[in-house]
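Below is one structure, written out as structure tokens, with a few remarks after it.
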Amino acid sequence: MVKLSVVVPFYNVQTYALETLRSLRANSREDFEFLLVDDCSTDSTPDILDRAVRDLPGAVLLRHEHNGGLATARNTGLDAARGEYVTFLDGDDWAAPGYYARLVASIEGLGCDFVRTDHVQFTARARTVHRVPVGRRDEVLRPRDAILPAERSTSVDYAYAWAGVYHRRLVDRGLVHFTDGLRTAEDRPWIWRLHREAETFGVVGLLGVFYRRGVASSLTQIGDVRQLDFIRAFDQIIEETSKDAEADRLLPKAVRTYCAIIAHHLAARDRFEPSVARQLRAMSAAALKRLPQDLLKEALDSMDLDRSDQLRRLRRRMPSAGRAAA
């Protein structure tokens, strides 16, 4: 039986793919499989993956005929995964030797639905440790309790899919799959659904994933229309959370986070193409008008003055935002 499936999407990462694949080889085990998903790369990534299938024990190569984005590529890997547990790695990141064995040991030791881990972020030679914003470690917790409080960074704000491991029972329930076609913020509805619908989780201080920042080809570095998918991602969070039995308790956090993300993108609008920046303003204003207005007022009142004033002005100045976004 396969113990662990590691889903690794690749798209035009020829500069980094070899390092990623070497790190997988340093983690290989007879009962581990590595699902390498080529999301229709147009550089030399496909050639690198062809060689990897021959050299990497447990490697399975899956190819897309059309580029579908990270969410869809991860789903392709999940659909083929056979492991008792699943985890993720991006094609331009890497894992420390022996990390996945320790990761499996952590979830087996706790016996919970999923485990979240810390990670190392690196840009050039600078490395910083980023920790899951949950204080209690190495014990079984209730995921929905880690969504709150609304005014602080919590477990749902730490939305990195590769910073953890997930039991097969969650995969079979559809809780580990992503919303197909989301080009950015794909982890956000995913992490909220996990915390609302899974029964148990744990947090461990295990460092082993190295997350590369500042990659020129990364979507987070590109100011095109795909970035606006964050609106669709957070609309999904609001819609799904509204149907939860504890919606009154959880929605304030969802609304406040949505507002903070809108403010973040508006503050960085100079990196967008002019037409995309205009769409960003119109779609953001329409999103503010769709939110429950009592919760929106609470969220804006709780934010710092600069961000709250910016969002209030946007909402007032674009009365036809809904028509513009449509």
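The values are calculated or read from the model by the stated rules, or taken from the named source; none is laboratory data. Treat the numbers as computed from the prediction; the structure is a model and nothing was measured. We place every Cβ from the backbone using ideal geometry, glycine too, and count neighbours over all the protein chains shown. Quick note on the areas: whole protein, heavy atoms, side chains included, nothing else; ligands and nucleic acids left out. Shrake-Rupley method; radii C 1.70, N 1.55, O 1.52, S 1.80 Å.
Data table
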{"item": "Rounded tilt (10° steps) of 99-110 against the dominant C-alpha axis of the chain", "result": "70"}
{"item": "Candidate aspartates and glutamates - alpha carbon under 19 Å from Lys3, same-chain residues fewer than 8 apart omitted", "result": "Glu30, Asp31, Glu33, Asp79, Glu84, Glu108, Asp113, Asp172"}
{"item": "Estimated FRET transfer efficiency (Asp301, Arg269; beta-carbon r; R0 25 Å; 0.05)", "result": "0.55"}
{"item": "Radius 11 Å from Cβ of Arg63, net charge of other residues (Lys, Arg +1; Asp, Glu -1)", "result": "-4"}
{"item": "Helix 70-80 vs. the chain, principal-axis angle (Cα, 0 to 90°, nearest 10)", "result": "40"}
{"item": "Accessible area per residue, Å², the range 93-141 with all protein chains present, probe 1.4 Å", "result": "47"}
{"item": "Value of relative contact order over the range 171-315, rounded to a whole percent, pairs C-alpha under 8 Å and six or more apart", "result": "22"}
{"item": "Whole-percent carbon and sulfur share, accessible surface of the range 135-263, 1.4 Å", "result": "46"}
{"item": "The range 70-189 - percent relative contact order, Cα under 8 Å, separation 6 or more", "result": "41"}
{"item": "(i) 0.94; (ii) 0.97; (iii) 1.02, with the label sought being that of the calculated Rg/Rh (Cα atoms, Kirkwood Rh)", "result": "(ii)"}
{"item": "Surrounding net charge for Asp38, when Lys and Arg each add one and Asp and Glu each subtract one, Cβ distance under 14 Å", "result": "-4"}
{"item": "Förster radius 22 Å - calculated FRET efficiency between Glu19 and Arg142, Cβ distance, rounded to 0.05", "result": "0.05"}
{"item": "Accessible solvent surface per residue of the range 162-254, calculated while the other protein chains remain in place, 1.4 angstrom probe, Å²", "result": "37"}
{"item": "Rounded to 10°, Cα long-axis angle of helix 305-317 versus longest principal axis of the chain", "result": "70"}
{"item": "The chain: relative contact order in percent, alpha carbon pairs under 8 Å with at least 6 residues between", "result": "16"}
{"item": "Helical contribution to [θ] at 222 nm, DSSP H n ≥ 4, -39,500 (n - 2.57), averaged over the chain, rounded to 500", "result": "-13000 deg cm²/dmol"}
